[in-house]
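Values quoted throughout were computed directly from the atomic coordinates according to the rules given, and no laboratory measurement underlies them. Predicted model only: the values in this text are computed from it and were never measured. So basically every Cβ, Gly included, is an ideal-geometry build from the backbone, and we count neighbours across all protein chains shown.
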Amino acid sequence: MLTSGASAASHEEGRGCVFEGWGDFFFLMGSAGGGLIGLLFVVVTLTANAERSQVQRGQGLYLTPTAGHFGVVLTISAVALVPRLAIVERADVFTAVALVGLALALRACIGIGAPKGGMSAHWSDFWLYGAAPAALYLGLAGAALALWSLEPWAVHALAAFLIALLLLAIRNAWDLVTWMAPKAAGVAGPPAQKE
């Protein structure tokens, strides 16, 4: 809660103007995030014939966080476009969403770092599904706090972290598809070499 009249007035003056000129950017980012969430539903169909325990573990550690990243991009973009919403309220939502994303990323870090049931992860999975998203969410939370303080660079930082998160989520979704598609098609791998 703001206590001084001067800081309340400065936040009131900051209502929406920080995002002036950013409408197309946030519309594009939100549309991309929403569309890619829909495509992940198609990816889920690739797991139809897989063993249930592997599917559940994979969904929890890989698919859910990836969908969550797209959801964060969609949510932040939508909130940025809400008319007549105070900067403080936007920053509060951005911070909360970044913390939820951070929790998803940390859950992936822990789960991938401690494989169960003989399943081992590729060395890059910890970094690209867990650590990198966690760092981006910390950056998003920092940008949201800077936005709350009306820092002039805050919206630029927010945009940069959103782009990075979207690109990382696209990379992770592609990694999931290229890993699952051959398994769904029944391809076991390259044929054995004859001696």
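Points to keep in mind about this one:
- Peptides ranked, highest mean first, by Cβ atoms within 10 Å: ranges 87-95, 31-39: 87-95, 31-39
- Size of charge dipole - the stretch 20-181 - debye, nearest 20, with Cβ of Lys, Arg +1 and Asp, Glu -1, no other charges: 420
- Remark: the stretch 37-117 projects, on average over all directions, an area of 6.1 nm² (convex hull of Cα atoms).
- Coarse-grained scattering of the stretch 20-181 at q = 0.10, 0.13, 0.15 Å⁻¹, given as base-10 log I(q)/I(0) from a Debye sum over alpha-carbon atoms: -0.37, -0.60, -0.77
- Rounded to whole numbers, the Karplus 3J(HN,Hα) couplings from phi for the stretch 160-169 are 5, 5, 5, 4, 4, 5, 4, 5, 5, 5 Hz, using 6.51 cos²θ - 1.76 cosθ + 1.60 with θ = phi - 60°, and x at Gly and Pro.
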